[in-house]
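Heads up: the structure comes next, in structure tokens.
The values are calculated or read from the model by the stated rules, or taken from the named source; none is laboratory data. Quick caveat: nothing in here was measured; it's all calculated off a predicted structure. Positions of Cβ are backbone-derived with ideal geometry, glycine not excepted, and every protein chain shown enters the neighbour counts. Side chains included, ligands, DNA and RNA excluded: accessible areas come from the protein's heavy atoms. Shrake-Rupley method; radii C 1.70, N 1.55, O 1.52, S 1.80 Å.
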Amino acid sequence: MNAKEIKNMIDFIAKSGLAEVNIETEEFKIKVKRDNEGKVIATAPSMPQPVAAAPVATAPAPQEAAKPAPANDESSKYVQIKSPMIGTFYRSPKPEDPSFVNVGDSISAGDKVCIVEAMKLFNEIESEISGTIVKVLVENASPVEYDQPLFLVDPA
């Protein structure tokens, strides 16, 4: 679990109203609890100080745009645009609106390519690369995981 995933988990727990949560896996152990002032504090046994502290009423930090990564299949010349968070993937801002991008569309860095909804927040995902959309890897209104490939882009 990376720092961004831990922060997202802490923000989620802060909004949930839970007083304390302990999570333990083979990879890590973390304790998240609310102090007397209403702040959420996360600690891990190997860390002497809290990992993060945030007031309960704060909004989650703005999500970063999906990071492009080289594809791992036979089409290694293509670059993947990946989901920066867990949520629901939408190709358009409203069901009746056209998709942000379709196969064959040229995109530039900064162009909106989709929306990922997480905890009732609709996060517009922007491309960090320029190129042509080769394939849409996820069905509209489908759940997506953190770092899941959403699009294949030909950067040529």
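I need the full set of residues from the stretch 82-96 which are among the charged types (D, E, K, R), more than 21 Å from Lys7 (Cα to Cα) and either at pLDDT 95 or above or within 17 Å of the chain's Cα centre (by Cα) (or both), in order please.
Looking only at the stretch 82-96, we keep the residues that are among the charged types (D, E, K, R), and these are 82, 91, 94, 96.
From the residues that got through so far, the ones that are more than 21 Å from Lys7 (Cα to Cα) too are 91, 94, 96.
Listed by number, the list holds a single entry, Arg91.
Kindly check whether there is at least one residue in the stretch 111-118 that is surrounded by fewer than 18 Cβ atoms within 10 Å (Cβ to Cβ), on the phi < 0 side of the Ramachandran plot and touching a residue at least 40 places away in the same chain (Cβ under 8 Å).
No, the stretch 111-118 contains no residue that is surrounded by fewer than 18 Cβ atoms within 10 Å (Cβ to Cβ), on the phi < 0 side of the Ramachandran plot and touching a residue at least 40 places away in the same chain (Cβ under 8 Å).
Go through the stretch 71-142 and tell me which strands (runs of 3 or more DSSP E), entirely inside it, have 3 or more residues that are not β-branched (Val, Ile, Thr).
Values: elements: 79-82, 87-90, 112-118, 121-126, 131-136.
The strands (runs of 3 or more DSSP E) meeting that bar are 87-90, 112-118, 121-126.
Out of Ser76, Ser99, Ser127, which single residue is open to solvent by less than 20 Å² (accessible area, probe 1.4 Å) and not aliphatic (A, V, I, L, M)? Give the steps one after another, and end with the answer.
Values: Ser76 fails: open to solvent by less than 20 Å² (accessible area, probe 1.4 Å); Ser99 fails: open to solvent by less than 20 Å² (accessible area, probe 1.4 Å).
Matching residue, one of Ser76, Ser99, Ser127: Ser127.
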